[in-house]
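Notes to accompany the following structure.
Read-outs: derived from the displayed coordinates by stated rules, not from any lab. Just so you know, these numbers come straight off a predicted model, no measurement behind them. Note that each Cβ is placed from the backbone with ideal geometry, even for glycine, and that neighbours are counted across all protein chains shown.
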Amino acid sequence: MASNSRLDLAFATPVIVDRVDNAEAINAALEPLILARRQADKGIARSNLGGWHSDTGLLRWAADAVRPVVARMVELADAHVVDVQARPGQRRGWMLDAWANVNQTGAANAPHSHGASFWSAVYYVRVDEGEGGELVLNDPRMPMIEMHAPFLYFRDMGGERLVRLRPNAGQILLFPSWLVHSVTPWQGEGLRISIAVNLSAPPLAGGQ
Ligand SMILES: [Fe+2]
């Protein structure tokens, strides 16, 4: 290849993978709160197929336990955006909406996106031994990207067509809310417990 060639990235999709410090202690506090809520409340129907999806008041009913997780999500969300409307030093902040998911054996989540937010984040509280339970991200360039030559993939350009992420407890994932995602059926014996947080961008304080 000619030495003066250059590779530019255009229209890249960020998928941020991180771990929370002190995850064992955080999860030991979070799990009983989530399971107690699941006992007391039948939850709501969203993308969940057989699993329990809590109401969206997680930040109230698990406020103290979830704080370090949400703080890290917000740090990541801030670090990976540039706000071209904010004045120097001005921070817009995020509006948060959060819930818990408990998938027992066989439960899954159907493909969906979150139209009312910018970032979607997930944190894994518990993932027992077993197959399945992967987070699947769908390539927004489908079906165009595989129409002509489905046997060709771009080299070193990250995931293409479908990305499957195998979660583990203590992990955070952050991706754009418009990215269609789903969860494959959990085939483990135990539980797969996660927390989902949507971060939306409010108007700047003090107007424009
Ligand atoms: Fe989602």
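Per-residue Karplus couplings for the range 94-107, computed as 6.51 cos²θ - 1.76 cosθ + 1.60 with θ equal to phi - 60°, are listed in order as 9, 9, 10, 9, 9, 8, 10, 10, 10, 10, 8, 3, x, 7 Hz, Gly and Pro entered as x. To the nearest 0.05, what FRET efficiency results for Val17 and Gln85 with a Förster distance of 45 Å applied to their C-beta separation? Given R0 = 45 Å and the Cβ-Cβ separation, E is 0.95.
How do Leu49, Leu199, Leu173 rank when sorted from fewest to most other Cβ atoms within 10 Å of their own Cβ? Don't skip to the end; give the middle numbers.
Details: Leu49 14, Leu199 25, Leu173 22.
Arranged by neighbour count, lowest to highest, Leu49, Leu199, Leu173 become Leu49, Leu173, Leu199.
At R0 = 25 Å, how high is the FRET efficiency between Glu75 and Met157 if r is their beta carbon distance? Nearest 0.05 is fine. Computed FRET efficiency for Glu75 and Met157 comes out at 0.40. Projecting the Cα atoms of Ala149, Leu9, Trp186 onto the charge dipole of the chain (Cβ charges, centred on the Cα centre) puts Leu9 farthest toward the positive pole.
Mean residue ellipticity, 222 nm, helices only, the chain: the sum of -39500 (n - 2.57) across DSSP H runs of n ≥ 4, divided by residue count and rounded to 500, is -6000 deg cm²/dmol. For the range 1-116, the residue among Asn101, Ala62, Asn48 whose Cα projects farthest onto the positive side of the dipole built from Cβ charges is Asn48. Given the options Ile26, Ile44, Ile172, which has the most mean-square fluctuation in a GNM of the chain, springs set between C-alpha atoms less than 10 angstrom apart? Highest fluctuation of the listed residues: Ile44. Expressed as a whole percent, how much of the Cα-Cα distance distribution for the range 1-142 exceeds 26 Å? Every Cα pair in the range 1-142 considered, those over 26 Å come to 36 percent. Residues in the range 174-181 carry Karplus couplings, in order, of 9, 8, x, 5, 7, 6, 5, 9 Hz; the curve used is 6.51 cos²θ - 1.76 cosθ + 1.60 with θ = phi - 60°, and Gly or Pro positions show x.
Using unit Cβ charges (K, R positive; D, E negative) and no other charged atoms, how large, in debye to the nearest 20, is the dipole of the range 145-208 about its Cα centre? If you can, show how the numbers build up before the last one.
Details: 5 positive and 4 negative charges, 15 e Å.
Using only the charged Cβ atoms, the result is roughly 80 debye.
Each residue of the range 39-53 is assigned a 3J(HN,Hα), and the resulting list reads 5, 8, 9, 6, x, 10, 9, 10, 7, 5, 10, x, x, 9, 10 Hz, derived from the Karplus form 6.51 cos²θ - 1.76 cosθ + 1.60 (θ = phi - 60°), x at Gly and Pro. Just checking the listed ones, Arg161, Arg192, Arg87: in the Gaussian network model of the chain with Cα springs under 10 Å, the one fluctuating most is Arg87.
So which chymotrypsin sites (Phe, Trp or Tyr not before Pro) in the range 104-202 are both in a DSSP loop and have at most 15 other Cβ atoms within 10 Å of their Cβ?
Details: sites: Phe118, Trp119, Tyr123, Tyr124, Phe151, Tyr153, Phe154, Trp178, Trp186; in loops: Phe118, Phe151, Tyr153, Phe154, Trp178.
Answer by residue number: Phe151, Tyr153, Phe154, Trp178.
Largest mean-square fluctuation among Arg141, Arg46, Arg166, in a Gaussian network model of the chain whose springs join Cα atoms under 10 Å apart, belongs to Arg141. Annotation: amide H-H contacts under 5 Å for Ile172 (H modelled 1.01 Å from N, sequence separation of 5 or more, or interchain): Asp18, Arg19, Val20. Taking amide hydrogens as placed 1.01 Å from N in the peptide plane, the amide H of Val180 sits under 5 Å from those of Asn138, each at least 5 positions away in sequence or on another chain.
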